[in-house]
1. Mean projection of the alpha-carbon convex hull of the stretch A:193-290 over all orientations, in nm²?
2. Using a simple charge model, +1 on the beta-carbon of Lys and Arg, -1 on the beta-carbon of Asp and Glu, nothing else, what dipole does the stretch A:3-244 show about its Cα centre, in debye to the nearest 20?
3. Post the alpha-carbon centroid distance, the stretch A:89-113 to the stretch A:1-78, in whole angstrom.
4. Loop only by DSSP, 16 or fewer other Cβ within 10 Å of the Cβ. Give me the trypsin sites (Lys or Arg not before Pro) in the stretch B:214-290 that pass, ordered by residue number.
5. Counting only residues 5 or more places away or on other chains, whose amide H sits under 5 Å from the amide H of A:A54 once H atoms are built in the peptide plane?
6. Residue-wise, which Karplus ³J(HN,Hα) couplings in Hz belong to the stretch A:30-43, taking 6.51 cos²θ - 1.76 cosθ + 1.60, θ = phi - 60°, and x for glycine or proline?
7. Across the stretch A:267-284, in residue order, what do the Karplus-derived ³J(HN,Hα) couplings come to in whole Hz, using 6.51 cos²θ - 1.76 cosθ + 1.60 with θ = phi - 60° and x for Gly and Pro?
8. Could you work out the mean count of beta carbons from other protein chains within 10 Å of each residue's beta carbon in A:301-313?
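None of the figures in this text is laboratory data; all of them are computed from the coordinates on show. A quick note: this is a predicted structure, and the numbers were derived from the prediction, not measured. Backbone-built Cβ (ideal geometry, glycine too); neighbour counts: all protein chains shown.
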Amino acid sequence: MENKRITIFLAVIWGVVAILPVFFGSTNFIMHILIMCLIWSVVASCWDLIMGFAGIFSFGQVAFFVIGAYSSAIISARFGVPPIFSVFIAGIITAGIGILVGLPCLKLKGAYIALVTFAVHMILEPVLKGDIGRALGTGGSRGILTIVPMNIFGYTFTSSDPIPYFYLLFLVAVICSVIILMVIKSHWGTAFLALKDAEDFASCLGVSAFKYKLMVFALTSFLTGMIGGFYAHYVGMLSTRMLGIDLFVTLMVILVIGGVGKFPGAIIGAFITIALNEMLSPLGSYRPIILGAMVVILVLVLPDGVTGLFEKIFSTKKRGLTH
Amino acid sequence: MFIEIIDVIISGLINGSVYALMAVGLTLIYGVSKAFNFAYGSFYSLGGYIAFLLFSIPFFNNYFVVLCLAAPVLLIFGFFIEKLLVAPLRKRDDWEVKVMMITLGLALFLDNSYQVVFGARMKSLPSMLEGNFEMGEFILSYQDVMIFIFSIGGILLFRWFLNNTRTGMSVRAVAQNPAGAQIVGIPKDFVFAATFAISTVMVGMGGILLAQKYFITPAGGWDILVKAWVITAFGGMGSIKGGLYAAFIVGMLEAFVGWYFGMTWTLIALFAVLLTTLAVRPQGLMGKWG
């Protein structure tokens, strides 16, 4: 998609989302789902940036999210830092870890990168549950049960009053998506594409793989860690259950529905998937089966996701006009 | 102390032999078709569950029959999964990501289907051979010996297949040069499906062999997937010899770390060794770039 169209698309999506509380504001349950949609849209967009645009098979996105959530919760509880700052500190910590993970990945290719980043995900659970985690204040296998609620200048956001929370996270999600959009539009985005399509050729032309790959790791893990912090303060409790395969696959479904490398698609994907997930929840243990089958069918039938479908419709219209 | 160390070495050898069987399967698909199969762990559980089902039928109540029946079932299953799910994606530019996604979805589907069909409770298979070999303090169970013999036998059979049969040779040809193999008339698509099927059989057999020592649980395959993955990356993706060495190294490492530091450290130690190896040799022990 051209940049102009992406911008319009993004503006339309956020415009629609902004007025959703007018209809659903009175139902706390639906507002909660919408807040979750906003959170996951940011995580999925970051994943799309690193996997779809930069072509790095990073599978550590959930791990970064959890690291951000835990660090923000611990920092705000231990050092009395106001949550609005601790969220940023969590983002910086996560970015640091993201760079550490990114460093070995610079030399690796394809499935190896997936393994190294997935390894972070796998190790995180024993670390958080074990002695190291307990020393840091993760609460071991019990998790963190009380987290300071978010407050800004004396105003406390509570999850029982979701509308202010919704707009706070809406603002954060819009800012994150604008940052991602700017990255894609700038020469960064071009560099990513060049590195993805022909790494050797791009580096011959002076595109530094080292610089851009580390940058994308730092940026996506910063945003993911920050939104993880927001999640922690919103939900108010954390446990290592988030590292289960369920959440990971949900994130994957978001990308499959939205389309990989079709940027605003991840946001649409998040809203569709999270809403669908909630609708399927009465089915109990059949829900993950349906989710899994859906991934399989969607990858086969709709490989570019909903965005790909839109693109197809629009492009045929255009062709019709010119002829 | 001395006896303990010997016990640890033996358990490392036995686990290593089963890991070798499974890691070779994973490295085979990657080496031949460059596809990464995320549902590999679910195929492991599938093997265990098929054996569990067969054991519940009175007449089929022994390992010989179970292995003979499970192998073709797994073979056909793997063949059709490749034909239906992976093959249609191959035309696309970004098919590597798409294959990872579709197999991840398949893994979720299979794991939760097991949970619905068989329940979340652990299932176990009867021991292959009861009894122990005892010599003073040293005890070796016949079951472990059988597991070792069967997995090494499986690897040897696979080696024979690759070197001596027509299909095996075409698998090797496609792995070396897909375009060249197609030019000389080797049916590439069939070879891709066949390798996928063979790897399914190998991991399913691993599932049957290990299910008598450990248990079958719906999500138990993830652990196996990660281990097989670590071993293939460690040994070099696509390199069968590297995978074999790596499997035994990992088996030993796991046994020693588990014995000395405790089981929780095995995964961390595994990844630490993997990262160090990849930092020095990004292509793994015996892998090639490409």
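1. So the mean shadow area of the Cα hull is 8.3 nm².
2. Computed about the Cα centre, the dipole is about 160 debye.
3. Centre-to-centre distance over Cα atoms comes out at 20 Å.
4. Passing sites in the stretch B:214-290 are B:K288.
5. none
6. Those phi angles translate into 5, 4, 4, 4, 5, 5, 4, 4, 4, 4, 6, 5, 5, 4 Hz.
7. 5, 4, x, 4, 5, 5, 5, 5, 5, 5, 4, 5, 5, 7, 4, x, 7, x
8. Details: counts 1, 0, 8, 2, 0, 0, 0, 0, 0, 0, 0, 0, 0.
Rounded to a whole number, the mean comes out at 1.
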